[in-house]
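Take a look at the structure set out below.
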Amino acid sequence: MALLLSILLALGVLIAVMTGGGPLSTARSKPSTVDATKSEAPVPGDASDAPTELPALEGTDASGDVRITRCEVDSLTEWPDADVEIVNRSDTQASYIVSVEFVDGEGTRRASGLATATDLAAGQKSVQKAQGLGKVPGKMTCKVSKVTRLPSS
């Protein structure tokens with residue numbers, strides 16, 4: 001039952017975001033950008049080198065609540081995916097929708113994906129996967145393009 005409610009909430013949030021309705025806190029962000037290649041070896045400067053704590057969030061901007069911790073291209077399918085760490089830095093329980101762009105070496109967006117986390121308590125952390133469905137051959141960068149934080153009921 002809880003899983004069904006979570007799925008329905010995520011669908012409702014997605015519909016609200018797509019139609020522009022509902023009380024939203026959104027942020028176009030310039031957060032972490034992580035490069036990836038088809039190899040399994042860590043990329044210098046990737047999230048494994050990054051500090052584990054996020055900067056404190058000011059106001060209602062939710063972009064500081066999110067960072068990419070892993071960015072890879074599957075060697076077989078050439079589809080990209082990213083692990084997204086979400087930390088609820090607000091004072092109340094909240095749900096998140098995070099848009100991730102997968103950009104090739106020339107700067108062209110080749111795919112995008114979403115990561116969601118529902119009903120995170122204040123201070124709670126969740127790691128979710130954003131899956132891209134387009135092929136990204138060669139060098140790739142993952143970046144958070146939009147963060148939406150909604151108060152949970």
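The values are calculated or read from the model by the stated rules, or taken from the named source; none is laboratory data. The shown structure was predicted, so the numbers you read here are calculated from the model rather than taken from an experiment. Positions of Cβ are backbone-derived with ideal geometry, glycine not excepted, and every protein chain shown enters the neighbour counts. Surface accessibility is based on the protein's heavy atoms, side chains included, excluding ligands, DNA and RNA. Shrake-Rupley method; radii C 1.70, N 1.55, O 1.52, S 1.80 Å.
Looking only at residues in the range 41-60 that are in contact with a strand residue (DSSP E or B) (Cβ under 8 Å, 6 or more places away or on another chain) and not in a helix (DSSP H, G or I), the one that is modelled with the highest pLDDT is THR60.
Condition check for ASP104 on (1) under 19 Å from CYS142 (Cβ atoms); (2) surrounded by 21 or more Cβ atoms within 10 Å (Cβ to Cβ): one failure, at (2). Of all residues in the range 107-145, those satisfying the criterion of being touching a strand residue (DSSP E or B) at 6+ places or on another chain (Cβ under 6 Å), open to solvent by less than 50 Å² (accessible area, probe 1.4 Å) and either charged (D, E, K, R) or more than 18 Å from GLY64 (Cα to Cα) (or both) are ALA111, GLY113, GLY132, GLY134, VAL136, MET140, THR141. Of the residues making up the range 61-96, just one is part of a loop (DSSP other than H, G, I, E, B) and of a type in the set (Phe, Trp, Tyr), namely TRP79.
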